[in-house]
Structures are given as C-alpha cells and as structure tokens.
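A.B. asks: Have a look at this one before I ask anything.
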Amino acid sequence: MHELLTTKEMAEADRLAVLRGTPSIELMENAGRAVADAVGANFGTIRPVIVIAGPGNNGGDGFVAARLLGERGYSVDLRLLGDISKLRGGAATAAKRYSGPVGPMIAEIPPGAIVVDALFGAGLTRNVDGEAAVAVSAINNSGAHVVAVDLPSGINGDTGAVQGTAIRAAETVTFFRKKPGHVLLPGRIFCGMTTIADIGIPSSVLQDIRPRLALNQPSRWAHLFPVPRVEGHKYSRGHTLVVSGGLSSTGAARLSARGALRAGAGLVTIASPRDALAVNAASNLAVMVREAEGAEGLLSLLSDRRINTVILGPGGGIGPQMRATVMAAVRQDRTMILDADALTSFGEKPNELFTELKNHPESTAILTPHEGEFSRIFSRMSKIPSVKQKLEATQAASHETGSVILLKGADSIIFSPDGRGVISENAPPYLATAGAGDVLAGIIAGLCAQGMPAFEATAAGVWLHGEAASEVGPGLIAEDLPEALRPVYRRLYAELGAVLS
Ligand SMILES: NC(=O)C1=CN([C@@H]2O[C@H](COP(=O)(O)OP(=O)(O)OC[C@H]3O[C@@H](n4cnc5c(N)ncnc54)[C@H](O)[C@@H]3O)[C@@H](O)[C@H]2O)[C@@H](O)CC1
Ligand SMILES: Nc1ncnc2c1ncn2[C@@H]1O[C@H](COP(=O)(O)OP(=O)(O)O)[C@@H](O)[C@H]1O
Ligand SMILES: [K+]
C-alpha cells in the first residue's frame, strides 16, 4: 500500500483495471460509495450535505455519493460547475442515475453543512478561478466539515502545490494508492486526514506500471536493514569518521558521532583540529578522537581502510579548507555524507564538486541539504527545476550528480540516481530544532557503515529520525534523538521478526 502513483500512473491503473474486467462505472460507483461511507461514519442524517461537483470524473464520484447519501436519508444539495449536458462517460452515467435537483455553483455555505468536494481531482490542469474560486473561498470561510474526493480541489496531485486556490478539507478519501500531492506540502495539510479506499483496482496493475515513488516506510528498506549477528564484532559493524569544526563549533560533529554510534556503527571516530581535541575528547566516552587538520589530516586517517564512512559538514566551517577536505574525501573510495557546511562551501562553485563526484564513481556520496542549502548548490545547474518543484528538482539533482540526495523538511524527499524515490511523512514539527540534522547525518552514516546501501540507509535513517522524535515528544532537543533510537529499534526489530541473541 506504500507506492505513490502520479496522476498519469493513476489514470493508467484505471485503464488497466477496466481492461482486466472492471467497468469504469463500477470503479466510480465504488469511489462514490466510499465517500458516502466516510460522511456516514461521522455524521448523522440531521446535517445537510452539499456536494460540489466538477465537470470531470471527480464530479462523477460526487454524483454517486449524492445519490447514495440521498438514499440513506440525508438532505443533499448538489451543485455543478458547468453544464450537465457536457458531462462525458462515467460522469454522464452517474449524473443520469441521480434524480435530485442540480443547482449552479454555490457562493455561500449554510451553517452546519457537510461539504463533499468533488470539484477537481487528478485532472486539475490549470489554476482554479472564476465561479470555482468563489465556491472554494465560500467553503473555506464557512468552517464546514469538508470531505474531499480523491484530492482537495486546487491541489496538484503530482506536486502538492496549490493551483490558484484550494479547498481545505478535514478528510480526503482517495482511491487505490496515494499520490505525491497527498504527502508533499502544502498538499498534505489541505488533505486533512487521508484514507485510501479499495475501489476494485487489482494490485497486479502495479507490475505493469512499476511506480518509482513510494512512502518512506520500512517495507521499502527492511530487507537491507542491518541486524547485528551473533558472530559479529565491532569491526564487522563498520567505522564512521566525523570531521569536527574548530574549538567553537564542535557540537555538531559530536551530535553526528552520537547518532552514528546509536545507529549501530561498530566504531566512531571524531577527526578533530588540534585546538578542539580536549573538548571533543571530554564529551563522549564511546567515541574516539584523533587529531586531523584539513584535507591532509583527513587523508592520513583514511589510510586506515576500516574507516568506511565519513561525515563532512556539520559545524565544519565554510570556505576553501572545507572544499579541499571534501574533494580529498571524494577521491578515497568511501561512503560520504555531505551535509551543511560541506554543501554551502560549494555554493559559488558547485560544478567543482559535481565534476569530482562524477570522476569518482567508486565513492558513494549522500548529499543532505535542507531547502536553503539545496537552492545554494543546485540553482545554478540549468537542468535542475526550482526547489518549488521539489520532487522533480530532487530527482534531477540525484540524476545529475550520481548521488543520493535527501532534501530535508517536513516532507523529506530522497532520490537514488537510478530514479527510485521516497517521501517521508513521519517527522513531527518539533523535530525542526538546531542540531537535528547533524544527528540525522550520523544515523545515516551509522547504517551505511554496517553495509546498508546508500539509498536505503538514507531512507531508513530519515524514518528512524522521525520515529525517534515522536518517541521523545514535544520539548525535544537534538541530544534526545540518538538516545530515543533504542525503543524505535526494538519495535522495528520486532516487526522485522529479527532474532537477536
Ligand atoms: N482510478 C481512477 O483513475 C479513478 C478516477 N476516479 C475519479 O476521476 C478523477 C479524475 O477524473 P478526470 O480525469 O476526469 O479529472 P477531474 O474530474 O479531476 O477534472 C477534469 C475536469 O476538470 C476540468 N478542469 C481542470 N482544471 C480546471 C480548472 N482549474 N478550472 C476549471 N476546470 C478545470 C477539465 O477540463 C475536466 O473537465 C479522480 O480524481 C477520481 O476522483 C474515480 O471515478 C474512480 C477511478
Ligand atoms: N516542519 C518540519 N516538520 C518536521 N520536521 C522538520 C520540519 N522542518 C525541518 N524538519 C526536519 O528537521 C531536521 C532539521 O535539519 P537541518 O535543517 O539540517 O537543521 P540543523 O542544521 O540545525 O541540524 C531535518 O531532519 C528536517 O527534515
Ligand atoms: K476533489
């Protein structure tokens, strides 16, 4: 159930379901019934229902819901955008089966009404304007409980963007699988609570469609999740090196180190400039500290081949020294997490980094920008769309650099250069706190150190990070996150049925 289908893929699912024997009108009847059931689940017949229907199949679902709710004793007022004679296919059939009156677009919503929003769904092609926009604003200003059919009207199913204006729903009933617009912001907020109804599309259609996008759930990466083995030892669980900043900025590296350790790396070392050795060493008993100044210092530590993952950026400082250190690391055939200052340092010269990454395909890079960092390093690449088209931009950046890209936010997006992508929806808002990203870089590195492939490790790391935050709850500070991983791991292992002895 975790695949995400673009609007085009969803139309294909519909087509394949019809080819395999389910008539289109049956899909629409099932969709309309699911919507009527959603109204019935929470509200008795005493509340009037206003169905706002559009000119396409989304409106068709609305006609079915209106008919069924009427049969179940609700007082239903159906309003149609456009002319009933212009309805086509399933929508025309659904309208014929509806015997109640059909009114014009509404400009005011009576108090206490429940609104079924069947104006536009997957077929929204342009900004909402005119009569439709007036209805949207009347609905939003009324405070009515809105049940959206498939998508809140005005939300783009592929991007989650608001096209002109959009209805704010309390709940959204979608069909078969979610679309990216249900999880990406701001779409997710406009959807309210989204439920998925089975309308008779067989899941076997996915074998033909082969969707590349999914929700970031354990089902995507659990098969590659590292489970400690009885015969294992600390060296078989990998060694992560975290490059620290100078005396006044060691906190970030220490947070990353703690994240890597709790994520299960066998060994974690902080590479520290001389002036910060004492503070780094005093802070953490299980983490080792080695002296290393700049690129040369790092190279000398990396002569130890057991170090298999390197974190560069958190608190590391912006400028030529950081650039040189990153470039040196890229040539060393390791897995690197490039975060924060390691990315910002290339803000003026991103191609230097990208060329180096391309020239060293034996190294694996995971770039973990937030939106600001993403814009700084990718906006200069002509082929990369603006960060407003987040999904497309992240995918293009991954493809262009041959690296795993994690675009952090409330709806973190992760892409692999091979085109697979996941979107996360489990991060609570209080996770947005100083240092949370540093811990995340550590968790991802800790998983990579144990041999988990980069894309899956990044997805798993983001998921664990979100779960750990929920485990802590409001009031969270970054230091809490590594410590909260233990109960999350315990639950995950139980779910995976992992045998730990
Ligand atoms: N598996 C599926 O694909 C199924 C789809 N169904 C429904 O079908 C919907 C998709 O149907 P359609 O492809 O007909 O698309 P929609 O009904 O979402 O919208 C398309 C119609 O709206 C018009 N339109 C688009 N943007 C507009 C704007 N900004 N202002 C004014 N008019 C605009 C188009 O000209 C077209 O007439 C889904 O959202 C879902 O509700 C269900 O019936 C069941 C099965
Ligand atoms: N509104 C939000 N809701 C949930 N999580 C968020 C939100 N905004 C940011 N985050 C998460 O918080 C973390 C912040 O990381 P980052 O921006 O690198 O901050 P820092 O550099 O201070 O550690 C990321 O994991 C990001 O996905
Ligand atoms: K809708």
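The values are calculated or read from the model by the stated rules, or taken from the named source; none is laboratory data. These numbers come from a predicted model, not from an experiment. With ideal geometry, Cβ positions are generated from the backbone for all residues, glycine too; neighbour counts draw on all protein chains shown.
A.B. asks: Out of all the residues in region 19-36, which are among the β-branched types (Val, Ile, Thr) and either in contact with a strand residue (DSSP E or B) (Cβ under 7 Å, 6 or more places away or on another chain) or surrounded by fewer than 16 Cβ atoms within 10 Å (Cβ to Cβ) (or both)?
C.D. replies: The answer is 35, and nothing else.
Yes or no, residue by residue, for (1) within 16 Å of ligand 2 (Cβ to nearest atom); (2) over 27 Å from residue 422 (Cβ atoms); (3) not aromatic (Phe, Trp, Tyr):
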| site | (1), (2), (3) |
| --- | --- |
| 135 | no, yes, yes |
| 139 | no, yes, yes |
| 144 | no, yes, yes |
| 147 | no, yes, yes |
| 151 | no, no, yes |
| 160 | yes, no, yes |
| 165 | no, yes, yes |
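A.B. asks: If you don't mind, there's one more thing I want to ask. Could you give every pair whose Cβ atoms fall below 7 Å, whose first residue belongs to region 297-314 and is more than 16 Å from residue 364 (Cα to Cα), and whose second residue is assigned to a strand (DSSP E or B) and among the β-branched types (Val, Ile, Thr), counting only separations of at least 6 or pairs across chains?
C.D. replies: Note: pairs meeting the criteria are 298/243; 301/307.
A quick yes/no check of all residues on (1) of a type in the set (Asp, Glu); (2) surrounded by fewer than 22 Cβ atoms within 10 Å (Cβ to Cβ):
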{"position": "70", "(1), (2)": "no, yes"}
{"position": "86", "(1), (2)": "no, yes"}
{"position": "96", "(1), (2)": "no, yes"}
{"position": "107", "(1), (2)": "no, yes"}
{"position": "117", "(1), (2)": "yes, no"}
{"position": "130", "(1), (2)": "no, yes"}
{"position": "134", "(1), (2)": "no, yes"}
{"position": "147", "(1), (2)": "no, no"}
{"position": "154", "(1), (2)": "no, no"}
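A.B. asks: Anything in region 41-91 that is in a helix (DSSP H, G or I), farther than 23 Å from residue 167 by Cα and within 12 Å of ligand 1 (Cβ to nearest atom)? List them, or say none.
C.D. replies: 86, 89, 90
A.B. asks: Out of the residues in region 420-437 that are among the aliphatic types (A, V, I, L, M) and crowded, with 19+ Cβ neighbours inside 10 Å, which is nearest to ligand 1 (Cβ to nearest atom)?
C.D. replies: 423
A.B. asks: Kindly indicate the residue of region 168-179 that is under 21 Å from residue 33 (Cα atoms), without any contact (Cβ under 8 Å) to a residue 60 or more places away in the chain and not small (Gly, Ala, Ser) and also nearest to ligand 2 (Cβ to nearest atom) among those meeting that condition.
C.D. replies: 172
A.B. asks: Please go through region 12-54 and give me each residue that is among the basic types (Lys, Arg) and under 15 Å from residue 94 (Cα atoms), ordered by number.
C.D. replies: 33
A.B. asks: Do we have any residue at all in region 294-303 that's surrounded by 19 or more Cβ atoms within 10 Å (Cβ to Cβ), modelled with pLDDT of 95 or more, charged (D, E, K, R) and under 20 Å from residue 247 (Cα atoms)?
C.D. replies: No, every residue in region 294-303 fails to be surrounded by 19 or more Cβ atoms within 10 Å (Cβ to Cβ), modelled with pLDDT of 95 or more, charged (D, E, K, R) and under 20 Å from residue 247 (Cα atoms).
A.B. asks: Out of region 454-480, which residues are surrounded by fewer than 24 Cβ atoms within 10 Å (Cβ to Cβ) and in a helix (DSSP H, G or I)?
C.D. replies: Correct list: 454, 456, 466, 467, 470, 471, 472, 480.
A.B. asks: Inspect region 191-205 for any residue being touching a residue at least 40 places away in the same chain (Cβ under 8 Å), within 13 Å of ligand 3 (Cβ to nearest atom) and more than 24 Å from residue 461 (Cα to Cα) and give the result as yes or no.
C.D. replies: Taking every residue of region 191-205 in turn, at least one turns out to be touching a residue at least 40 places away in the same chain (Cβ under 8 Å), within 13 Å of ligand 3 (Cβ to nearest atom) and more than 24 Å from residue 461 (Cα to Cα).
A.B. asks: Would it be correct to say that residue 219 is modelled with pLDDT under 95, within 24 Å of residue 333 (Cα to Cα) and away from ligand 2 (no atom under 16 Å from the Cβ)?
C.D. replies: Judged against the criteria, residue 219 is not a match.
A.B. asks: Select the helices (runs of 4 or more DSSP H) contained entirely in region 191-303, then report the ones holding at least 2 residues which are basic (Lys, Arg) and in the same structural domain as residue 477 (by TED's automatic domain parsing).
C.D. replies: Here the list reads 251-262.
A.B. asks: Another one. When you check residue 23 against the structure, is it near ligand 1 (Cβ under 9 Å from one of its atoms) and either over 21 Å from residue 123 (Cα atoms) or free of Cβ contacts under 8 Å to residues at least 40 places away in the same chain (or both), yes or no?
C.D. replies: It is false that residue 23 is near ligand 1 (Cβ under 9 Å from one of its atoms) and either over 21 Å from residue 123 (Cα atoms) or free of Cβ contacts under 8 Å to residues at least 40 places away in the same chain (or both).
Matching residues to (1) within 7 Å of ligand 1 (Cβ to nearest atom); (2) within 23 Å of residue 214 (Cβ to Cβ); (3) without any contact (Cβ under 8 Å) to a residue 60 or more places away in the chain:
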residue	(1), (2), (3)
112	no, no, no
116	no, no, no
121	yes, yes, no
129	yes, no, yes
134	no, no, yes
139	no, no, no
148	no, yes, yes
156	no, yes, yes
161	no, yes, no
